[in-house]
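S.K.: Please read through the structure below; I'll follow up with questions.
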Amino acid sequence: MSSIAFIGLGNMGAPMAQNLIKAGHALTVFDLVPATVRTLTEAGARAAGSAAEAVAGAEIVITMLPASKHVEGLYLGEDLLARIEPPTLVIDCSTIAPDSARKVGAAAQARGLDMVDAPVSGGTGGAVAGTLTFIVGGSDQALARARPVLEQMGRNIFHAGPSGAGQVAKICNNMLLGILMAGTSEALALGVANGLDPKVLSDIIAKSSGRNWATELYNPWPEVMPDTPASKGYAGGFGTDLMLKDLGLAAEAALSARAATPLGELARNLYALHSQGGSGGLDFSSIVRLYTQKPK
Ligand code: NAD
């Protein structure tokens, strides 16, 4: 059992923290939104009044925050790293820019702290079920220390390379996810516009060469699958604005490496239009609404 500080209790962080409580760890939690903290205290966690209070005496610090500015703002801007005493292990599971991860990782190392970037894949369903994939950047030693606790929240742990490499791999994955969700939406809307039933078409694609994560687990069309955000008014899940952020990170990575990502750029523009239309807070699978306003 370890004493763990968990900061950032949103759609992903809350169920991940719940799994650590179930595994027997002593959790101290903090989020800017009090309601999310209450859910965790009801499950047995101790509430901290600030991030600095949460990390006091913790053996492991885990953060699950929206974007680079939140992670840099907390660890460097608010100087949280200065409040964390070695040999505490620091694990950031947020999806952020590789450069931000390297910057915070270097600052942690300068303070004598082991730190890994460990962004996740698997969605809120994977977070609840404890089956996430962790894509880790950092030293062998830091990963060896992180592995036991990551295994209590996930099933697959990959070592992508040194600090920041986890974020690079995660960005590549999410660029593909953004493209395939838009493509799946486009194909389903085409079929429905030509008289097909979306469930029948989804079943066909799921067993044909167009199958993918969306048709198997996360169908964007309402009522095709029972437990998807699409069947719950696109509430919860992975926000359109978070997908837009990740596609922006992919575009930045492409620019800095002079790589060509034409489909990634097109997808980024589609999600940007969707967000501008007022859907930034909805699950990203609501991109299907760009193709037809019929799905509610
Ligand atoms: P979210 O917006 O639901 O949760 C983020 C939480 O961080 C919020 O509760 C917010 O109040 C809190 N927060 C922000 N700044 C804070 C601070 N300074 N101190 C304390 N709390 C703070 O986001 P999410 O869906 O849980 O995603 C978190 C990260 O995981 C993002 O980087 C996202 O890209 C990534 N991710 C999400 C999914 C998904 O399906 N939702 C899947 C894989 C990866």
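S.K.: Once the Cα atoms of helix 13-22 and of the chain are each reduced to a long axis, what angle between those two axes, in degrees from 0 to 90 to the nearest 10, is obtained?
M.R.: 60
S.K.: OK, next. Between 0 and 90 degrees, rounded to the nearest ten: what's the tilt of helix 140-150 against the longest Cα principal axis of the chain?
M.R.: Relative to the chain, helix 140-150 is tipped by roughly 70 degrees.
S.K.: Whole Å is fine, so just give me how far the alpha carbon centre of the range 133-175 lies from that of the range 77-95.
M.R.: Rounded to whole Å, the Cα centres lie 17 Å apart.
S.K.: What does the accessible area per residue of the range 22-77 come to in Å², with a 1.4 Å probe and no ligands, DNA or RNA counted?
M.R.: In whole numbers, the range 22-77 has 47 Å² accessible per residue.
S.K.: How much of the accessible area of the range 48-193, in percent, comes from carbon and sulfur atoms when a 1.4 Å probe is used?
M.R.: Result for the range 48-193: 55 percent of the exposed heavy-atom area is carbon or sulfur.
S.K.: Within the range 161-296, count lysine pairs with alpha carbon atoms under 20 angstrom apart where the residues are 8 or more positions apart or belong to different chains.
M.R.: Values: LYS170/LYS245; LYS199/LYS207; LYS199/LYS232; LYS199/LYS294; LYS199/LYS296; LYS232/LYS294; LYS232/LYS296.
For the range 161-296, the number of qualifying lysine pairs is 7.
S.K.: With every protein chain present, what is the per residue accessible area of the range 146-250 (1.4 Å probe, Å²)?
M.R.: Result: 46 Å² of accessible area for each residue.
S.K.: Could I ask something else about it? Let me have the 222 nm mean residue ellipticity of the chain computed from DSSP H runs of 4+ only, each contributing -39500 (n - 2.57), with the sum over all residues rounded to the nearest 500.
M.R.: Rounded to the nearest 500, the figure is -14000 deg cm²/dmol.
S.K.: Can I ask one more? Taking only Cα atoms, what is the 0 to 90° angle, nearest 10, from helix 98-110's long axis to the longest principal axis of the chain?
M.R.: 10
S.K.: At a 1.4 Å probe radius, which order do ASP140, ASP246, ASP241 fall into by accessible area, largest first? List each step's numbers first, then the result.
M.R.: Numbers: ASP140 115, ASP246 0, ASP241 75 Å².
Highest to lowest solvent-accessible surface, that is ASP140, ASP241, ASP246.
S.K.: Per residue of the range 244-258, in order, report the coupling 6.51 cos²θ - 1.76 cosθ + 1.60 (Karplus, θ = phi - 60°) as ³J(HN,Hα) in whole Hz, putting x for Gly and Pro.
M.R.: 4, 4, 5, 5, x, 5, 5, 5, 5, 5, 5, 4, 6, 9, 6
S.K.: For the chain, give the share of DSSP beta bridges that are antiparallel, in percent and rounded to the nearest 5; count only bridges with both residues there.
M.R.: Antiparallel bridges: around 15 percent, rounded to the nearest 5.
S.K.: Please report the relative contact order for the range 3-162, taking Cα pairs under 8 Å with a sequence separation of at least 6, and give it as a percent rounded to a whole number.
M.R.: Relative contact order for the range 3-162 comes out at 20 percent.
The values are calculated or read from the model by the stated rules, or taken from the named source; none is laboratory data. Here the structure is a predicted model, which means the values were calculated and not measured. Areas reflect the complete protein model, heavy atoms only, side chains present, ligands, DNA and RNA absent. Shrake-Rupley method; radii C 1.70, N 1.55, O 1.52, S 1.80 Å.
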